[in-house]
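Below: the structure, in structure tokens.
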């Protein structure tokens with residue numbers, strides 16, 4: 001390969017084998033703008049009823065390709081095969097729920113003293129061109145959450161997936177087109193966020209931007225997209241609060257799922273586990289025992305629990321944070337080591353309130369246990385971070401849980417499960433440094449459409 005061709009391509013590397021799976025185009029800002037200019041001309045229109053049918057077909061065809069797509073994600077991102085299967089199923093659900101937006105109506109009769117009884121019809125119209133910039137950790141479902149509501153709203157979409165998850169996204173778009181979506185309203189470009197992503201966000205012909213990723217990238221996108229509609233779903237540093245009346249065995253299983261699924265590479269992972277002092281010793285003993293039994297290995301093997309991180313650089317960043325936590329005086333109960341792109345499942349105890357654990361999102365399989373004695377202390381610990389995405393509470397006292405939930409500075413609270421527990425229809429998003437706007441099928445639809453109010457005589461019907 002000649003140097004001139006090489007510099008315009010980005011290799012996609014299997015993080016487990018180190019093998020190059022393929023090369024994607026490094027799209028230039030000029031090329032991005034040309035593609036958006038074509039999208040903005042919008043020569044093809046698809047009504048909501050027909051679009052709903054297309055999304056239904058996409059879900060069906062995705063399901064038919066479940067095994068292939070799960071294996072592709074395992075090779076491209078290191079996502080273990082069982083997590084990949086769950087992702088395909090969740091993506092199908094996201095698409096089917098979006099398809100139901102075709103029946104969404106809002107209309108009521110208003111009785112006003114000035115002009116009498118009128119029928120108020122609330123319509124949703126497109127914003128125009130939506131730019132969607134998505135991450136590697138959920139290369140199908142987060143694309144669906146960004147693209148499907150935009151299409152149902154009558155918009156055109158330009159998608160820029162992570163350069164580390166682009167092959168999965170390219171295949172996903174192919175399934176959209178094979179299912180009947182006109183290609184003229186859904187474009188995909190590959191490349192780096194600081195080039196193609198910023199070009200999308202800053203271009204005048206893009207009317208709304210969806211960005212899912214880290215805080216630094218989100219801030220860059222926000223600056224570039226100033227004045228546009230934006231949904232930013234950014235980092236999290238989620239707390240799992242285990243009160244004194246919680247069932248320890250259940251708490252261990254919830255913490256295990258909440259922190260180590262998807263190799264800890266998810267914004268809603270239970271990164272800080274707050275345990276009441278009366279349960280601390282028992283919890284740490286049982287939790288560490290379960291962590292030791294997690295299988296680390298080939299993400300294509302059905303029984304693998306922990307695969308590699310997205311690449312060796314990501315693993316080295318996590319390793320660096322682990323070393324800092326050790327220097328701060330925390331105890332390594334389990335793990336703490338790196339092997340190539342692998343970080344072995346790690347558990348810290350005796351973590352300081354001033355630790356890097358509070359100030360940074362650890363995007364990998366590292367859990368930290370922090371003791372507390374009273375509920376208000378747990379709230380202070382949970383809130384002592386720049387982030388505010390999700391939190392979770394384990395307790396048998398649901399009145400207390402609701403009270404605590406009201407004091408937590410986050411966008412969502414789960415009672416009786418991990419912070420990552422959510423349905424695709426629910427509103428989802430953060431406060432503080434964790435973003436603005438809300439995902440979730442109907443909420444993203446509202447973010448990517450404009451309200452038009454039509455006032456009619458009462459007798460007018462559809």
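Every read-out reported here was derived from the displayed coordinates using simple, explicitly stated rules and does not represent laboratory data. Fair warning: this is a prediction, and the values are worked out from it, not measured in the lab. Here the Cβ positions follow ideal geometry from the backbone for every residue, glycine too, while neighbour counts run over all protein chains shown.
For the stretch 3-145, the C-alpha radius of gyration sits at 1.48 times the compact-globule guess of 2.2 N^0.38 Å, with N the residue count. Of the three principal axes defined by the Cα atoms of the stretch 84-219, the extents in descending order read 59, 33, 29 Å.
Here the translational diffusion coefficient of the stretch 1-75 follows from Stokes-Einstein with Rh set to the Kirkwood radius across Cα pairs; for 20 °C and 1.002 mPa s it amounts to 132 µm²/s. Overall shape of the stretch 238-415 was characterised from the C-alpha gyration tensor. The equivalent ellipsoid obtained from it has semi-axes of 26, 17, 15 Å, in decreasing order. In this structure, residue 426 and residue 249 have a Cβ-Cβ separation that, at R0 = 25 Å, corresponds to a calculated FRET efficiency of about 0.35. Ranked by the mean number of other Cβ atoms within 10 Å of their residues, highest first, the peptides 99-105, 152-158, 329-335 come out as 152-158, 329-335, 99-105.
I'd like the orientation of helix 66-77 relative to the chain: the angle between its Cα long axis and the longest Cα principal axis, in ° from 0 to 90, rounded to 10. The angle comes out near 60 degrees.
May I ask for the angle, rounded to the nearest 10°, between helix 166-178 and the longest principal axis of the chain, with both axes built from Cα atoms and the value confined to 0 to 90°? So the helix axis and the longest Cα principal axis differ by about 30 degrees. Secondary-structure-derived ellipticity at 222 nm for the chain, considering helices only, amounts to -11500 deg cm²/dmol, per-run term -39500 (n - 2.57) for DSSP H runs with n ≥ 4. When a/c is below 1.5 the answer is rounded, else prolate if a/b is larger than b/c, else oblate, so apply that to the stretch 31-80 with a ≥ b ≥ c taken from the square roots of the Cα gyration tensor eigenvalues. Note, shape of the stretch 31-80 comes out oblate.
Kirkwood hydrodynamic radius computed over the chain comes to 23.2 Å, based on all pairs of distinct alpha carbons. Take every DSSP beta bridge whose two residues both sit in the chain; close to 45 percent of them are antiparallel.
Averaging 1/r over each pair of different alpha-carbon atoms in the stretch 87-150 and inverting the result gives 14.7 Å, the Kirkwood hydrodynamic radius. Applying 1/(1 + (r/R0)^6) with r as the Cβ-Cβ distance of residue 257 and residue 282 and R0 = 30 angstrom yields a FRET efficiency of 0.95.
Bridge orientation summary for the stretch 238-415: considering DSSP beta bridges with both residues in this region, about 20 percent are antiparallel. Under 1.5 on a/c is rounded, so check that first for the stretch 376-446, then, if it is not, pick prolate when a/b is larger than b/c and oblate when it is not; a ≥ b ≥ c are the square roots of the alpha carbon gyration tensor eigenvalues. Note, shape of the stretch 376-446 comes out oblate.
Simple spin-label estimate for residue 25 and residue 49 gives 3.7 nm between the two label positions (7 Å along the Cα-to-Cβ direction from each Cα). Measure nothing but the geometry: give the 0 to 90° angle between the long axis through the Cα atoms of 141-152 and the longest principal axis through the Cα atoms of the chain, rounded to 10°. Helix 141-152 sits at roughly 20 degrees to that axis.
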